[in-house]
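Student: Just dropping this structure here.
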Amino acid sequence: MSCTGIDRVIGGAHAPGKEKDNKMLVFDAEKISSIATMERLVACLQEAFSQEWEIPPRQVIGLPGNKHNRLVLTMPTFEQSGGGAVKLLTVFPDNPVRGLPTIQGVVVLFSETGTPIAVLDGLMVTRLRTAAASALASKYLSRSDSAHLVVAGTGALAPYMAVAHCAVRPIQRISVWGRSTERAQATAQSIRSRVSGIEVEPADSLERAVAMADIVCCATSSATPILEGHWLRPGTFVDLVGSFSPEARESDDDVIRRARIFVDTNIGALAEAGDVLDPLRRGIITRDKIEGELSDLVCGRSTGRSGEREITLFKSVGTAIEDLAAAKMIVASQ
């Protein structure tokens, strides 16, 4: 089955002209998790990024009278056929004190007639497709023998990032770092329950863990750098997924100077990725330091890793391409 096509869905119960007779499909987080394996998602995104897309800019809207940095994000993408998806997310940083997720939302999938045919849990789709995109980048940018993964961050995304990297590289050891020892231990246990035959332990020092790592994945909400370039040993792949605003950074200038840099999309990274925007603004790097997008790697327009000792970096802020491809695969698989 082609993961970028939903012919079985559109051509079956939701065929053009029949939409009015059918109920909209609903996929909650549990159902999505049971359908979307990481291996299939990575393959799905690889296919999606090999195609041409026209993606409208993501809208990021601050809520009126906002004193908690609350945001609404709208991410649409449609194909020439008319089919597509729109993701609507809310970002409420003060939600954790209420016991609620910071990010919540939905993905609505549309048929080629513009009819909504499915609603999917947006948070689960986002976690899975974000992790799968990093794993896809890792296929081109990490060493094929990468065995030690460091995950910096203890949020809900962290376990998915670990599973994704394990899906494409022979990871034998995972070190989990967070500012809270208790949360690092809990995240390590969550990862342990999702992978088998892999040593998973909290790291008491990010510097020491990074110095021994093959892959470093930063999935934090930090606004200031937590990763320092002089910690990185030759041959490391750095995966930055946590920040998505021009002001926030997870890596310092030395990381950016030392690494060959790739992004998920130029339009997204050059609008929202503080890890590259801030060094660009201050003249630490120039625009040509960003060597390519994920589609360039997939299509062979950019050369991925070319040596065992070079440091490579992938910065993602997310793209609607991933949402549409993942949503199609999930709906077509049900």
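Student: Among the residues of the stretch 202-220, which ones are outside any helix (DSSP H, G or I) and either outside the structural domain of W177 (by TED's automatic domain parsing) or farther than 24 Å from A137 by Cβ (or both)?
Tutor: P202, D204, S205, listed by residue number.
Student: Kindly provide the set of residues from the stretch 302-328 that are more than 24 Å from G83 (Cα to Cα) and out of contact with any Ser or Thr (no Cβ under 8 Å at 6 or more places or on another chain), ordered by number.
Tutor: Result: S302, T303, S306, G307, E308, R309, E310, K315.
Student: Among the listed residues S134, S146, S81, identify the single one that is closer than 19 Å to A36 by Cα and not aliphatic (A, V, I, L, M).
Tutor: Working: S146 fails: closer than 19 Å to A36 by Cα; S81 fails: closer than 19 Å to A36 by Cα.
So the residue among S134, S146, S81 that is closer than 19 Å to A36 by Cα and not aliphatic (A, V, I, L, M) is S134.
Student: Where the second residue is among the aromatic types (F, W, Y) and the first is under 19 Å from G304 (Cβ atoms) and lies in the stretch 225-237, which pairs have Cβ atoms under 8 Å and are six or more apart or on separate chains?
Tutor: Listed pairs, sorted by first residue: F237/F314.
Student: Something else: Among the residues of the stretch 68-108, which ones are surrounded by fewer than 13 Cβ atoms within 10 Å (Cβ to Cβ) and touching a residue at least 12 places away in the same chain (Cβ under 8 Å)?
Tutor: Listed by number, the residues that qualify are H68, N69, S81, D94.
Student: Let me ask another. Which of the numbered conditions does R257 fail, given that it passes all the others? Conditions: (1) surrounded by 18 or more Cβ atoms within 10 Å (Cβ to Cβ); (2) in a helix (DSSP H, G or I).
Tutor: (1)
Student: Could you check, for the stretch 90-110, whether at least one of its residues is β-branched (V, I, T), modelled with pLDDT of 90 or more and outside the structural domain of F49 (by TED's automatic domain parsing)?
Tutor: No: zero hits.
The values are calculated or read from the model by the stated rules, or taken from the named source; none is laboratory data. In this text the structure is predicted, and so the values were computed from the model without any measurement. All Cβ positions, even for glycine, are placed from backbone atoms using ideal geometry, and neighbour counts span all protein chains on display.
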